[in-house]
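First the structure, in the form of structure tokens, and then the observations on it.
The values are calculated or read from the model by the stated rules, or taken from the named source; none is laboratory data. Computed from a prediction, not measured in an experiment: that's the story for all the values here. Ideal geometry is used to build each Cβ from the backbone, glycine not excepted, and the neighbour counts take in all protein chains shown. Protein only, heavy atoms only, side chains kept; ligands, DNA and RNA dropped before computing areas. Shrake-Rupley method; radii C 1.70, N 1.55, O 1.52, S 1.80 Å.
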Amino acid sequence: MKPLSRRLVLRGAAGFGLSLPLLEAMLDGKAWAQAQPPKRYLLGFAGCSLGGYDGNIAQTLVPTTVGASYDLKPALANLAPVKSQVTVVTGLKLPWAVNGVVPAGGKAVQFHYYQVAPLLTGQRSTDGSFSKPTTEHLAGDLLGGNTTFKTLVTRVQVSSYVDAAQPGTGQAISFRQNGTSVQQVPPRYSPQQLFQALFGNFAGNGLTPDQVAEQKWLVEQRRSVLDGVGDRMTKLKARLGVADQRRVDAHLAEFRELETRVAAIPPPMAGTCLKPADPGADPTVGGNQQTNTEGNITYAQNLGYSGEDARAKAMCDLIHMAITCDLTRSVLLQFTNSQSFMNMQAISGQKSDLHELSHGGFGNLTDADTTQALARGINWHMKHWAYLLAKLQATPEPGGSVLSNMAAIFTWEGGHGLDPADGRAVSAHSTENMAMLVAGGAGGLKGGLHLKATGLHPSQVLLTGLRAVGYTGTALGEVSGEIPGLR
Amino acid sequence: MRPALVLLAVTACTGDIVVPSTLPGTTGPSGPGSPADPSQPGPGDPMQAPPTPAVTELRRLTRTELDRTLSLLLGDTTHAALTLMPGEELTPFDNDYSKQQASAVWVEAAERLVQQVTQATLASATRKAAILPCTPANDDDLACLAPFIKSFGRRALHRPITDAEVTELSSLHALARQRGTFTTSMGLVMQRLLLDPEFLFRVEVGTPGATAGTSQLGAYELAARLSFFLLGHAPSDALLDAAERGELDTPAQVRTVAQGLLESSEGHSQLELFHAMWLGYLSLPHDAMFNARAVNETTALVRKVVFEDRGDYRGLFTSTQTWVDDTMAEHYGLPKSGAAGYRWVDYGSTGRMGILSHASLLSNGVKQTDTSPTLRGKWIRNRLFCQEIAPPPPNVVADVPPPETGSAVCKKDRYAAHDQVMSCAACHLQMDPIGFGLEQFDRTGAFRSAEAAHPECEIRGEGALQGVGNFVGAKGLAELMVQTSSLDGCVTRQLFRFGTGRRELPTDGALIRDLSQGFAKGGRRFDQLVLDYVSHPTFAQRQEAP
């Protein structure tokens, strides 16, 4: 078995005081408190647009007031407790193909999923595929240092809930660089497994010496098993051809990283870093959507829904503490799948799914309240986003709070306006009038504003956030330039 | 005119039809990104070239394979694998190794799964006793730990465990005994073996063959290949024993052993799973009761054709009866019996025939709340003709069905928009006319003669298989498909894809050709096709991936 590396001991004992000399760091448990906290990057994602057919997002989402003291419309109402921290950027536009030619940073005329790659990478895509890494990985590579989770990729919605979907499946939105191409990073979608991964090796407070020894022994067992598995994979490789070696290597790397995470000594639980409560067993995974003989989706309570409301809260608690304890400095929190078919009944009382809400919906909705109905669905995302931001803001750290040292950006997959595919002037299938929310004080980011960024590319918001946490590139994919006034 | 023995190889949606005159069954894919067409002539003379060993790569066990294997090894009935492991994308099979990507989420889930099932096994005196071949005299009884490692290791890695491995695994005992017992040692050994790459992956090495890059599988490797393919889990003790006794050394022996596996209840289930994934009814979108009826109906026909009648596989498409209860009979417009339970009912003159009339298959190719003739046609091309249709270009929208306009109200007229533009028509003419031929059957397989929203729009079910002929309804399509005989090649290909966990390569063409020709000549018995495949000399061989 490999001995514990010095850097792990350092990281564990000293929080993020990595630059401190060993002894000082080891002896002074509070050394991190005087050190400069690292910058962190957090990206939230909602798999819906801002408004439906014939809706008016000026009434449901876009603040009327520009600048400070903006007004919160129904879709963003739950942001109230953190409004002073959140800047709303509106009027963004992601370009699309004209005469079959996809412009820089643009998408094909089709909507669902076709816009996600250019949105999250700034790089044009004709078929929705990703060719550049997404920003949480750029940030993780930049900021991660020796943290145990360089980039933490999470998702609340368990499954895509259509066709023969299984847990963990759905359109991929997180890609990291792998050689000359990019590789999908599947999300962690189980709160219980996320808890185990992040805090499984944390000792609880108030344990007896014997309990501490027992816990240490259990960690030793896991390390020993994983180490043996790694050695076996290494030995096996020698007997395999090149293609199989590549497959073993990819898995070996994941096993070795897991072993390293298990071996990492957790930071001392003092001050703000505390082992969070075990979220318990995950809520039951729901089945896929079903339709009745009339062809209407039934929206039965156990279909299309796996307790995502409780899962979202659990994940926000875990992410808050993962950032506070400096286990990670870059997080993707995807609430809902791109083109989300999550059943909204338990969430917002609407017998529909998020995708249908965006269009005017099935079930108990009437045309008159469709955009209001979608606003309630969006506001569910805001409930959890505000909860997470508030927790980060309430956690003190040099510079003010953890949130003061962050760039926390929330994005939707679409906007509201022209659908270039069918010519409708007012549609959810649009990348006109997109919006993003920006919070955190890293790099001089400004909160509490409504900025009209008419016609600017949404990736410019991500680029501004990245640069706020120290990214020196001047472009994200093919998109360059920060959002004026955002910092 | 309907050419009797025609098959289509459609190239990149140009509408050109390539009609090879001598190859029964294999139809070519088209479009960018699709695999090369094995039926297309390549270097040398492909008509004469003998089959070569198929390329295989390391394959990770699927969720289902893990679940079944843990159940076999540990008597685990909690299906923890299905709860903990991330699911697979169906393409349409769940074992496509090109989709098996290493990830933190998978590795963490695997570790947790192995911890859980190990704990649960050792917490049960009965289950623990079932895997322990001796009774430990005390907590340090290494003389009992060694035989345990040998017996459990052989089952987990499906090969004998070497003495060096026994020594290596025994070294876990010291750590276990720091605070634990003999059972703790067992647990560590189990976790280590259940996370071993030879457990989590299907590792095939073999001994080098005469041709560079090829190798002959060892008996245990062949036993594993047979077991995973025919039963969906790692080989049982009995199968490993057979391998050890040399009962898998010749193709004839393999055929005999395979027949036994195929005829077990697990063997039947596995072939039913193959059909459910291939034909798109693994997870149906209707209410649970209806889904169960639809799956019952199709599974019954598969069982009847494959395992009961053991006749011509085309019976799946030409059956004049179907297995329904009164609720389903009423749904289809068939006579009711007045009694509870399922029975075979004649289709009579309802225009139905075989599996293409089943609610299960007809649930595929739906857009929003109604059938999409385009998607149904595409589905038939993909699944039953093994053809790929190129995706739409970036300047068109395929997200919503063609909308109503002043002059186009009826579905047929709305979809005609696809045919008015040359660039659309090239692809859509391959799909839409097939779908329109099935339009009299709605998304649940119920009959309709007019559009619900527009009663003035009559649905006539007139369809066409481009370049082959016109047909009416599910019965007409079934008859036409059977006449083209392209089914033989596509069935063989789908079975090959399921068996190898990948799409076919040009180098697989000769094997698929030989198997599908043998299938056609031998009366098209599906069980014999499976046995022909596993007893083909190349099944015991592999080719290193380039």
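Can you name every residue in region B:493-546 that is farther than 18 Å from residue B:255 by Cα, open to solvent by 30 Å² or more (accessible area, probe 1.4 Å) and either touching a strand residue (DSSP E or B) at 6+ places or on another chain (Cβ under 8 Å) or in a strand (DSSP E or B) (or both)? Selection gives B:505, B:507, B:543, B:544, B:546.
Of all residues in region B:377-400, those satisfying the criterion of being under 29 Å from residue A:99 (Cα atoms) and among the charged types (D, E, K, R) are B:378, B:388, B:399. Any residue at all in region B:195-209 that is over 30 Å from residue B:332 (Cα atoms), in contact with a strand residue (DSSP E or B) (Cβ under 9 Å, 6 or more places away or on another chain) and charged (D, E, K, R)? Yes, region B:195-209 has at least one match.
Scanning region B:261-276 for residues that are among the small types (Gly, Ala, Ser), in contact (Cβ under 8 Å) with a residue 24 or more places away in the chain and crowded, with 20+ Cβ neighbours inside 10 Å gives a single hit, B:267. Residue count for region B:88-104 satisfying the condition of being touching a Gly at 6+ places or on another chain (Cβ under 8 Å) and open to solvent by 20 Å² or more (accessible area, probe 1.4 Å): 1.
For region B:399-440, please list each of the helices (runs of 4 or more DSSP H) lying entirely inside it that holds at least 1 residues being among the small types (Gly, Ala, Ser) and open to solvent by 30 Å² or more (accessible area, probe 1.4 Å).
Details: elements: B:411-415, B:417-420, B:422-437.
Result: B:417-420, B:422-437.
For every residue, the table says whether it meets (1) at positive phi; (2) open to solvent by less than 10 Å² (accessible area, probe 1.4 Å); (3) modelled with pLDDT of 95 or more; (4) in a loop (DSSP other than H, G, I, E, B).
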site	(1), (2), (3), (4)
B:143	no, no, yes, no
B:147	no, no, yes, no
B:164	no, no, yes, no
B:175	no, no, yes, no
B:178	no, no, yes, no
B:186	no, yes, yes, no
B:211	no, no, no, yes
B:226	no, yes, yes, no
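Can you pull out the residues in region B:101-115 that are farther than 16 Å from residue A:190 by Cα and either touching an Asp or Glu at 6+ places or on another chain (Cβ under 7 Å) or in contact (Cβ under 8 Å) with a residue 12 or more places away in the chain (or both)? Within region B:101-115, B:102, B:114, B:115 meet the criteria.
Taken over region B:229-250, the criterion of being surrounded by 15 or more Cβ atoms within 10 Å (Cβ to Cβ) and assigned to a helix (DSSP H, G or I) is satisfied by B:229, B:230, B:231, B:239, B:240, B:242, B:243, B:244. If you check B:176, B:164 for being free of Cβ contacts under 8 Å to residues at least 40 places away in the same chain and within 40 Å of the chain's Cα centre (by Cα), only one passes: B:164. Out of A:182, A:156, which single residue is closer than 25 Å to residue A:262 by Cα and more than 9 Å from every other protein chain (Cβ to nearest Cβ)? The conditions single out A:156. Screening residue A:182 on (1) open to solvent by 20 Å² or more (accessible area, probe 1.4 Å); (2) within 20 Å of residue A:46 (Cβ to Cβ); (3) in contact with a Phe, Trp or Tyr (Cβ under 6 Å, 6 or more places away or on another chain) shows it passes everything except condition (2).
Residues satisfying the criterion are present in region A:274-286 (criterion: open to solvent by 30 Å² or more (accessible area, probe 1.4 Å), within 14 Å of chain B (Cβ to nearest Cβ), free of Cβ contacts under 8 Å to residues at least 24 places away in the same chain and not in a helix (DSSP H, G or I)). Taking (1) open to solvent by 40 Å² or more (accessible area, probe 1.4 Å); (2) assigned to a loop (DSSP other than H, G, I, E, B) in turn, residue B:331 satisfies each apart from (2).
Return a yes/no flag: does region B:454-473 have any residue that is within 14 Å of another protein chain (Cβ to nearest Cβ), in a loop (DSSP other than H, G, I, E, B) and over 29 Å from the mean Cα position of the chain (by Cα). Give the steps one after another, and end with the answer.
Here is the first cut: in region B:454-473, the residues within 14 Å of another protein chain (Cβ to nearest Cβ) are none.
No, there is no match, as no residue in region B:454-473 is within 14 Å of another protein chain (Cβ to nearest Cβ), in a loop (DSSP other than H, G, I, E, B) and over 29 Å from the mean Cα position of the chain (by Cα).
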